[in-house]
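The values are calculated or read from the model by the stated rules, or taken from the named source; none is laboratory data. Just so we're clear, the structure is a prediction, and the values are computed from it rather than from any experiment. All Cβ positions, glycine included, derive from the backbone under ideal geometry; neighbour counts span all protein chains shown. Note: areas computed on protein heavy atoms with side chains; ligands, DNA, RNA excluded. Shrake-Rupley method; radii C 1.70, N 1.55, O 1.52, S 1.80 Å.
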Amino acid sequence: MDAPVPGLAASYEEPKARSLSGRNPPREFRWGRLLLITLALVFLTAFLLLPLLVVFTQALAKGVSAYLAAIVDPMALASIKLTLLVAAIAVPMNVVFGVAAAWAISKFEFRGKSALITLIDLPFAVSPVIAGLTYLLLFGARGWFGPFLQAHDIRIVFAVPGIVLATIFVTFPFVARELIPVMQALGKDDEETALSLGASGWQTFWHVTLPNIRWGLMYGVLLCNARAMGEFGAVSVVSGHIRGLTNTMPLHVEILYNEYNYVAAFAVASLLALLALVTLAGKSILEWRQPELRDGARRWRDNNRKGKA
Amino acid sequence: MAGAAAPIRRPPLIPGFGLTLGYTMLYLSLVVLIPLSATFIRSLDLGVGHFWTVVTAPRVVASLRLSFGAAWLAACVNALFGLVIAWVLVRYSFPGRRLIDAMVDLPFALPTAVAGIALTALYTPNGWLGRLLLPLGIRVAFKPLGVVVALIFIGLPFVVRTLQPVLEELDQDVEQAAATLGASEWQTFTRVILPALWPALLTGFALAFARAVGEYGSVIFIAGNMPMRSEIAPLLIITKLEQYDYAGATAIAVVMLVLSFALMLGINALQGWAFRRHGAR
């Protein structure tokens, strides 16, 4: 049993001891180190920390009661409800797609796989405003399907379905691009074992694959949801800005802001900022449980490159 | 002869190829490909002559120049400071490092409209930072510089997050070897570290740039939106739509899409070149 396996021995290398020079620099490095840390902190304070703080200070500028009044305003509540509804439709749609795409890409070899991966990423390269425009061109009154929709009294654009579609477009790659590297790294041994023991395809998916990918899936859902609830440009084009009906939270923030109702605008914005903080906390917890999640994007790219080579 | 020897079991075929790939293609086509091609096809309605008149109108050219120029500038700033931040986060330990590490993703998580009004409040002449910059003669809010500031915010995590894992895996023995052989710190950085970082730096730059070109929510609040001066291309698309000038809006959209795709292809090629030249980590 202890006989060395030649193949393994050749590929196995002692992990290199991490040099400590970076963490405990000699004296002459200290100034440079201090300078760089200061530079990074000043930059991050100006561009990340202060914007976050300003949201809450502006929201509470006229006291807690003004803040609460702005949030329980019927129009604000309607926008919160709509935002939750849109995310509740868009995120599951993209989860189903993400799982299907990751299954096809990670378990099978087929021609054009790297092209498919590039196409899944495409919405990231498209301006959200253009995403909204494309749906307007299809479903708007002067769009391709406009006359048909009008004849059958179906409203897509300037109504909730359009907002959902635009949100799906901009959050399209989120779940897939987290799941593809996770499932590629897992391989297909577990599934093959389950199948050879007599499990059906669905059983294998529910009892073997899903538990394996749950952290990656939650990670993708978290990021997808944050973007879905916060999307502004794409939704702005197709919403029609009808108060209480087609205004999501970010659109409501814009309207209040443009009416110079700053306290109310920042109050609704503070809820979205809280959502962002919860998202970041959840993301950190998931990364702590599953450190590989952090490198997902890079592994994805490397796989992509291998596919092209 | 059948059954004489137990055949070596082949692993069972994993099911669902047709279903999952079919659904992937269907959903991709319905949500992304068909709507995008519709935009290209609709722009043909204009005819070449009219299309050219629309996209070479001075206001359109100015907005495209601002969108791409500000995105380029912001991506450059992000490449530089993103490198500094990634370096500090990977190489140094100091109190609050993990918190800052988590904070870097804020622009991914914070809705762009919220970022927009927050940055505006910060950089107006009586805002926390605008007040400090005013005596220096620097005005950010409602100026083209405001566009750049918003785009820096949006793009920062792309650079930091692509550089971080590469920096973590960088072999510090090589740096020590360089130092032992008499290289100065700067020489070690430019000759040893930077070449290994190039592909990741370019990727981060490209991602930040691509995101910034199309950005709308965070920009419109801080930009002031003066035609010819601080009006970005996505805003001009929306303005044209509000005037029911669908053809004009589509023409600008097509130019933006073509320019973005061309740039991404170019940067991809450049990245492939850097990757081949300097090799994998």
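Calculate the length of the line joining the C-alpha centroid of the range B:218-281 to that of the range B:72-150, in whole Å. Each part reduced to its Cα centre gives a spacing of 21 Å.
Helix hunt in chain B: which complete DSSP H runs extend at least 20 Å axially by C-alpha with mean Kyte-Doolittle at least -1.0? The partial results should precede the final answer.
Numbers: long enough: B:58-91 (48 Å, 1.48); B:144-169 (39 Å, 1.51); B:194-214 (30 Å, 1.40); B:246-278 (47 Å, 1.17).
Membrane-span-like by this criterion, though nothing is claimed about a membrane: B:58-91, B:144-169, B:194-214, B:246-278.
The value of relative contact order for chain A, using C-alpha pairs under 8 Å at least six residues apart, is 28 percent. Using only Cα atoms, find the angle between the long axis of helix A:50-59 and the longest principal axis of chain A, and express it within 0 to 90 degrees, rounded to the nearest 10. In chain A, helix A:50-59 runs at an angle near 30 degrees to the longest axis.
Against the empirical 2.2 N^0.38 Å scaling, what ratio does the C-alpha Rg of the range B:214-258 come to? Write down the numbers at each step before the final one.
On the way: Rg = 10.4 Å, N = 45, 2.2 N^0.38 = 9.3 Å.
For the range B:214-258, the normalised Cα radius of gyration is 1.12.
Can you give me the C-alpha center-to-center distance between the range A:124-178 and the range A:42-81, rounded to a whole angstrom? If we compute the Cα centre of each part, the gap is 30 Å.
Spin-label model, residue B:59 to residue A:206: label points 7 Å out along the Cα-to-beta-carbon direction sit 5.9 nm apart.
Solvent-accessible area of residue A:249, all protein chains in place: 20 Å² (probe radius 1.4 Å, heavy atoms, ligands and nucleic acids excluded). These residues, A:81, A:107, go from largest to smallest accessible area, 1.4 Å probe, as A:81, A:107. Computed on protein heavy atoms with a 1.4 Å probe, the accessible areas place B:128, B:72, A:31 in the order A:31, B:72, B:128, largest first.
Compute the Cα gyration tensor for chain B, then decide on rounded, prolate or oblate, letting a ≥ b ≥ c be the square roots of its eigenvalues: rounded whenever a/c is under 1.5, prolate when a/b is larger than b/c in the other cases, and oblate in all that remain. Oblate.
The spacing between the range A:183-209 and the range B:34-55, judged by their C-alpha centroids, is 48 Å.
Answer rounded, prolate or oblate for the range B:111-175, using the Cα gyration tensor with square roots of eigenvalues a ≥ b ≥ c: rounded when a/c is under 1.5, else prolate when a/b is larger than b/c, else oblate. Prolate, since a/c reaches 1.5 and a/b exceeds b/c. In this structure residue B:188 has an accessible area near 10 Å², from a 1.4 Å probe over the protein heavy atoms. Annotation: aspartates and glutamates with alpha-carbon distance below 18 angstrom to residue A:107 (same-chain offsets under eight excluded): A:178, A:189, A:190, A:191, A:192, A:302.
Is the shape of chain A rounded, prolate or oblate, going by the alpha carbon gyration tensor and its root eigenvalues a ≥ b ≥ c, with a/c under 1.5 for rounded and a/b larger than b/c for prolate? Here chain A falls in the oblate category. Counting only heavy atoms of the protein chains and using a 1.4 Å probe, residue A:52 has close to 20 Å² of accessible surface. Spin-label pair residue B:84-residue B:184: with each label point 7 Å from Cα along the Cα-Cβ axis, the two points sit 2.0 nm from one another. Pairwise Cα separations in the protein assembly as shown fall into 10 Å bins from 0 onward with the following percentages, short to long: 3, 15, 25, 26, 17, 8, 3, 1, 0, 0. Of the solvent-accessible surface of the protein assembly as shown, computed with a 1.4 Å probe and all protein chains present, 67% belongs to carbon and sulfur. Here the range A:88-176 was treated as a single set of alpha-carbon atoms; its pair distances binned every 5 Å from 0 give 3, 14, 19, 18, 17, 14, 10, 5, 2, 0 percent. Across the range B:1-154, C-alpha contacts under 8 Å between residues 6 or more apart give a mean separation that, scaled by the residue count, equals a relative contact order of 20 percent.
Between residue A:81 and residue B:243, what FRET efficiency follows from the Cβ-Cβ distance if R0 is 25 Å, with the result rounded to 0.05? Step by step, r from the Cβ atoms, then E = 0.20. Counting only residues at least eight positions apart within a chain, or on another chain, the aspartates and glutamates with an alpha carbon under 18 Å from that of residue B:240 are B:45, B:215, B:231.
Helical content alone sets the calculated 222 nm signal of the protein assembly as shown at -23000 deg cm²/dmol, taking -39,500 (n - 2.57) per DSSP H segment of four or more residues and averaging over every residue. Gain on full extension, evaluated as 0.36 nm per residue between residue B:259 and residue B:33 minus their Cα-Cα distance, stands at 79.6 nm.
How high is the relative contact order of the range A:154-263, given as a whole-number percent (alpha carbon pairs under 8 Å, six or more residues apart)?
Numbers: 87 pairs, mean separation 46.0, N = 110.
For the range A:154-263, the relative contact order is 42 percent.
Find out how many positive minus negative residues lie around residue B:141, taking Lys and Arg as positive, Asp and Glu as negative, among other residues whose Cβ is under 14 Å from that of residue B:141. Each step should come with its number before you reach the end.
On the way: positive: B:131, B:139, B:143, B:229; negative: none.
For residues surrounding residue B:141, the net value is +4.
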